[in-house]
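J.: The structure under discussion is supplied below as structure tokens; questions concerning it will follow.
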Amino acid sequence: MRGRLLASNTTVTARALVGTDRCPTHRYLDADSPQFGCACLKFLEISQNLSKWPIPIRHTFKRAKALKIVPIGEILMQFALLIYELPEAFAARKSDGTDPYTGAWRAYHKALVESGAYVAGDPLEVPETGTTVRLKDGKRRVQDGPFADTKEQLGGFIIMELPSLDAALDWAARCPTSSTGAVEVRPLAPAAKHRIM
């Protein structure tokens, strides 16, 4: 009945709905009451408005509890943003949080989360806390410190779900580290993961 009434664009009154599966007479309100009529009309109004929305094919809930509606046919890929920082950036982490670099990171992180594309991410401890392991001639060799002795060191990572590499590069360019260090964008390889599992 609802579809017939909405399709004909007629005025729907509460009396027209009495006894239907949407408004049974034996429940809740008296069918002659104004509250009953208002409730039925409000239900129809909401249903009619919802039927105009595009049908999402996928909902993804992020840590920020943001609902992301992915348009039909759009395939999202996951990208890792590998953030390489200078020693000065690592030192800024120990500040009181009022420096411009930390403020820029705070704003960037907020924009990431609010976009709904943010999946995960964390900063890493300073490079000196790392330990590198190599296996040579069947023997394990352990070296204190980072793998590569370079000025820019891996300082953290961000995992994002985006429709294209161009979108990932846009986010990388917005990263505060891109002006002082470097941000490497690399697609995740879920197919490789599935082959070994």
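J.: Within the stretch 113-127, which residues are touching a helix residue (DSSP H, G or I) at 6+ places or on another chain (Cβ under 7 Å) and either among the aliphatic types (A, V, I, L, M) or assigned to a helix (DSSP H, G or I) (or both)?
T.: Selection gives V126 alone.
J.: Let me ask another. Identify, from the list R141, R106, the residue that is part of a strand (DSSP E or B) and without any contact (Cβ under 8 Å) to a residue 24 or more places away in the chain.
T.: Going through R141, R106 in turn, the sole match is R141.
J.: Can you go through E161, E184, E114 and tell me which one is among the charged types (D, E, K, R) and buried (at least 17 other Cβ atoms within 10 Å of the Cβ)?
T.: E161
Just so you know, all these numbers are worked out from the coordinates, no wet-lab data involved. Owing to the predicted nature of the structure, the values given are computational and were not obtained by experimental measurement. Because the Cβ atoms are built from the backbone with ideal geometry, glycine has one as well, and the counts that use them run over all protein chains shown.
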